[in-house]
Amino acid sequence: MLEESHKVTLVSALGTSPMVVTETIDELRKRGVKIGRVVVLTTRDPKVELSFYALALDLRWSYGDLELRNVELPFSDIRSQEDHDEFVRIAKEVIEEEMRRGDVVVSVAGGRKTMGVGLYKAGLEVGVRDFYHVIAEEIAGTSDFLKNLMMHNLKSIYEGKIEAPETLKNLITWELHRSDLTVHLIKI
């Protein structure tokens, strides 16, 4: 088990559901694991970019002290064996780099299923011992969430160029911290 006295880095793929990252952070905190840094691997898909900025804003608004690093992958989606192999190679490099900084936990919940498997494989190859998945008992769709996000310039809000409307803050906070869901953290 990880020491509870210091902060840990969470590495995760990120797709169009940023809530899997915040659910993982929240559930790990309940277990005494303090996440101090989040590293997400993202594709170049515009919907994933929206998801990233929603996550980035929520981390700023809800946690304040968390560092966030985005590792943008060189493709818009994993569509081939070559894409998957490149993802695993990049994930392995990222995890190794983060392990030099301190303890690392890996979430296999975000992004495409192949990304979770790729993160698991990469983590095993470099000695990660703590892998997690989050499961919500209830099903909560994100299609309206992403549609609502598209009406805002999240990047400009994140960069501080424009102010976030209160309705947007409420929407992101609600979706990324749903009190109506029962979430289970599964250690793999």
Ile90, sole failed condition from (1) of a type in the set (Val, Ile, Thr); (2) surrounded by fewer than 19 Cβ atoms within 10 Å (Cβ to Cβ); (3) at pLDDT 95 or above; (4) part of a strand (DSSP E or B): (4)
Among (1) assigned to a loop (DSSP other than H, G, I, E, B); (2) touching a Leu at 6+ places or on another chain (Cβ under 8 Å); (3) within 25 Å of Arg37 (Cα to Cα) - the single one His152 does not satisfy: (3)
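For every residue, the table says whether it meets (1) modelled with pLDDT of 95 or more; (2) part of a helix (DSSP H, G or I); (3) in contact with a strand residue (DSSP E or B) (Cβ under 6 Å, 6 or more places away or on another chain).
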residue: Glu3; (1), (2), (3): no, no, no
residue: Val11; (1), (2), (3): yes, no, yes
residue: Val21; (1), (2), (3): yes, yes, yes
residue: Leu41; (1), (2), (3): yes, no, yes
residue: Ile95; (1), (2), (3): yes, yes, yes
residue: Val105; (1), (2), (3): yes, no, yes
Residue count for region 49-76, restricted to those that are within 21 Å of Met150 (Cβ to Cβ) and either in contact (Cβ under 8 Å) with a residue 40 or more places away in the chain or not hydrophobic (A, V, I, L, M, F, W, C) (or both): 14
Qualifying residue in region 78-85 (condition: in contact (Cβ under 8 Å) with a residue 24 or more places away in the chain, touching a His at 6+ places or on another chain (Cβ under 7 Å) and either assigned to a helix (DSSP H, G or I) or more than 25 Å from Gly127 (Cα to Cα) (or both)): no
Residue among Arg37, Arg101, Arg60, Arg69 that is out of contact with any Lys or Arg (no Cβ under 9 Å at 6 or more places or on another chain) and either over 23 Å from Arg178 (Cα atoms) or not β-branched (Val, Ile, Thr) (or both): Arg60
Filter result for Ala140 (at pLDDT 95 or above, over 19 Å from Val8 (Cα atoms) and assigned to a loop (DSSP other than H, G, I, E, B)): no
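The values are calculated or read from the model by the stated rules, or taken from the named source; none is laboratory data. Source: prediction; values computed, not measured. Methodologically, a virtual Cβ is constructed for each residue, glycine included, from the backbone with ideal geometry; neighbour enumeration extends over all protein chains shown.
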